[in-house]
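Structure, as C-alpha cells:
The values are calculated or read from the model by the stated rules, or taken from the named source; none is laboratory data. Since we're looking at a predicted model, the values are computed, not measured. Ideal geometry is used to build each Cβ from the backbone, glycine not excepted, and the neighbour counts take in all protein chains shown. Protein only, heavy atoms only, side chains kept; ligands, DNA and RNA dropped before computing areas. Shrake-Rupley method; radii C 1.70, N 1.55, O 1.52, S 1.80 Å.
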Amino acid sequence: RLMLKEPTITYSKVHVKGIDFNGIDLLVDFDVTNPNKLDLQTTSYDWTMSIGGKEFVSGRSAAPLTVEGNRTALVQLPVSLGFKELFAAFGELLTNDSVPYVVKLNAALDVPVLGQRRIPVEAKGHIPVPKLPRFRVDDFALTNFSLAGSTVTLKVRIENPNYFGVSMSNVSYALKVNNDEWLNTRLNRAVNLMPKSDIV
C-alpha cells in the first residue's frame, strides 16, 4: 500500500537583489519539501505583499516546478517596489529606517493520487527605506592669498543615514563670491560611505 504524505512549503529568507533611491528589488525564498518517493509539481502560485497592514502589490505565476521525491526545491518570488508609489501610499511610515511587510503565498501542488493541494504560507520582515546623504560644512578657510591666486580649503562632512553603503560619483561643487561664480568643477574621485557613517 502506497502511503503518501502532504508536501510542505516554508519561508526561507528574503534578500535584496537591488536598491537605489527609485526602488527596491527583492527575492523572497520558499522551500518546497516533497516527503514522498514520487515527484510532484507546482502548477501555479499567487501572492500578495502587505505593507503597514495594507495590501500593496500582488502577483500570480503559472511557471511549473518539479520537486523530486524526498527532495526540497527552492521557489523564488521576485518583488519590485517603487519608492515613489510607497511614499504616496505610506508617507508617514517611510520616515523610519525600515517598514514592516507581510508576504502571503498560496501555492497549488499536484500530488500523485492525492490530487491538487493548495498550501498557504506567510513571511514577515522589514524593508530598508533609503534616505539621501546629508551634507554639512565643517570648515571653510582661506589658506593662501596673493595677487596671483588664492587657495581655499573647504571641509564638507557627508553623512550616510542608511543601514547600507552608498557610493557617489561625479560629485560637482561650485564657489560663488558676491554672486559671481569663481569655481565650478567636479570631485575627481568617488565617495564611498559605509552604513550609518560619515566622511569628511
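Of all the criteria given as (1) touching a residue at least 40 places away in the same chain (Cβ under 8 Å); (2) within 24 Å of the chain's Cα centre (by Cα), the one not satisfied by residue 167 is (1). Taken over segment 31-52, residues that are open to solvent by less than 40 Å² (accessible area, probe 1.4 Å) and outside any loop (DSSP other than H, G, I, E, B) amount to 11. All of (1) of a type in the set (D, E, K, R); (2) farther than 30 Å from residue 132 by Cβ; (3) in a strand (DSSP E or B) hold for residue 55 with one exception: (2). Note on segment 64-77: residues that are closer than 20 Å to residue 16 by Cα and open to solvent by 80 Å² or more (accessible area, probe 1.4 Å) amount to 1. Is it the case that some residue within segment 34-51 is touching a Gly at 6+ places or on another chain (Cβ under 6 Å), among the acidic types (Asp, Glu), touching a residue at least 24 places away in the same chain (Cβ under 8 Å) and farther than 23 Å from residue 17 by Cα? Checking segment 34-51: at least one residue is touching a Gly at 6+ places or on another chain (Cβ under 6 Å), among the acidic types (Asp, Glu), touching a residue at least 24 places away in the same chain (Cβ under 8 Å) and farther than 23 Å from residue 17 by Cα.
Among the residues making up segment 188-200, those that are among the aliphatic types (A, V, I, L, M) and either surrounded by 13 or more Cβ atoms within 10 Å (Cβ to Cβ) or over 18 Å from residue 133 (Cβ atoms) (or both) are 191, 193, 199. Close contacts from segment 68-89, counting a first residue that is without any contact (Cβ under 8 Å) to a residue 40 or more places away in the chain and over 16 Å from residue 58 (Cα atoms) and a second that is of a type outside the set (Gly, Ala, Ser) and part of a strand (DSSP E or B), with Cβ to Cβ under 7 Å and a gap of 6+ residues or different chains, come to 68/34; 69/34; 70/34; 71/34. Just so you know, in segment 106-124 the residues that are open to solvent by less than 60 Å² (accessible area, probe 1.4 Å) and of a type in the set (Val, Ile, Thr) include one that is farthest from the chain's Cα centre (by Cα), and it is 111.
For residues in segment 134-181 being outside any strand (DSSP E or B) and surrounded by 11 or more Cβ atoms within 10 Å (Cβ to Cβ), which is modelled with the highest pLDDT? By that ranking, first place goes to 161.
Quick check on segment 182-200: of everything there that is closer than 18 Å to residue 139 by Cβ and outside any strand (DSSP E or B), which residue is modelled with the highest pLDDT?
Residue satisfying both the conditions and the ranking: 200.
Across segment 86-105, which residue is farthest from residue 10 (Cα to Cα) among those that are open to solvent by 50 Å² or more (accessible area, probe 1.4 Å) and either touching a helix residue (DSSP H, G or I) at 6+ places or on another chain (Cβ under 6 Å) or assigned to a strand (DSSP E or B) (or both)? Looking at residues that are open to solvent by 50 Å² or more (accessible area, probe 1.4 Å) and either touching a helix residue (DSSP H, G or I) at 6+ places or on another chain (Cβ under 6 Å) or assigned to a strand (DSSP E or B) (or both), I get 87. Residues of segment 138-164 that are under 30 Å from residue 20 (Cα atoms) and either more than 33 Å from the chain's Cα centre (by Cα) or β-branched (Val, Ile, Thr) (or both): 154, 156, 158.
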